[in-house]
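Contents: one structure, followed by commentary.
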Amino acid sequence: MTKQTQTIWRVQNEFGSGPYRGPGNVSEIMRAFEKAGRFKPDRHPVPWMDKTLKEKFNGAASLNPKTLCGFKNIDQYNRWFNTQELRNLLHYAGFFLSKYEVEGVVWHGQTQSLFFADKAKLVAVRACNDSGVTPASNTQLKAAKRRLKAKK
C-alpha cells in the first residue's frame, strides 16, 4: 500500500467499464478463449486470488464498487493480455488503455493493481493493440478522447 501519486494503466471502454464487467464487456469471449486454451486463467486471477492482493480481502469475494482494476505498468498489462490476438480483441471491441494519475492508496498485486476511481485523474489514452503511444489524430480512439476531454 502506498500513498503518493502513481501512474496506473486501465483497460476500459467509453463508458469507463473494463473488459470483464459493465456495458460492452467481452467476458463471454474471454471465457471462450479460456476454454479453447488460448487464455490461461491462472495468469488472470480475480483480485482476491492474486497472491499479493488476497491479504487485503481476508477471504471476502468481492470488491468495493468504487475500486477499479488496472496495471502498474505496460509490462504487467502485456503479461495479462499476453497475445496480440487478445489485444486486438480488446481494441476492436472498443476498449483502450487509459493512463491515470492516482492520488492516495493503490494496492499492487502480483498480476494487477487496485485503486479508487474518485482518486484517479485520466491523463492519456492509447490503443490496446499498439506498442507505442497512439497519436491524438487516431480516429479509432474518438470515444476515448471524448472521455478524456470530459474528465478535464
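Readers should treat all values here as calculations from the given coordinates under stated rules, not as data from a laboratory. This is a predicted model, so every value here is computed, not measured. Backbone-built Cβ (ideal geometry, glycine too); neighbour counts: all protein chains shown.
Observations on the model:
- Highest mean first, the peptides 71-84, 25-38, 91-104, 113-126 sorted by other C-beta atoms within 10 Å per residue fall in the order 91-104, 113-126, 71-84, 25-38.
- One decimal place: the segment Val123-Ile29 gains 30.9 nm when fully extended, by the rule 0.36 nm per residue minus the C-alpha distance.
- Largest first, the three principal axis extents of the alpha carbons in segment 88-133 are 32, 24, 19 Å in whole numbers.
- Model label sites at Asp75 and Glu101, defined 7 Å from Cα along the beta-carbon direction, differ in position by 2.4 nm.
- Potential lengthening between Glu55 and Asp130 on full extension [0.36 nm per residue; Cα-Cα distance subtracted]: 23.6 nm
- Using the Karplus relation 6.51 cos²θ - 1.76 cosθ + 1.60 with θ = phi - 60°, the per-residue 3J(HN,Hα) values for segment 14-19 come to 5, 8, x, 8, x, x Hz, with x marking Gly and Pro.
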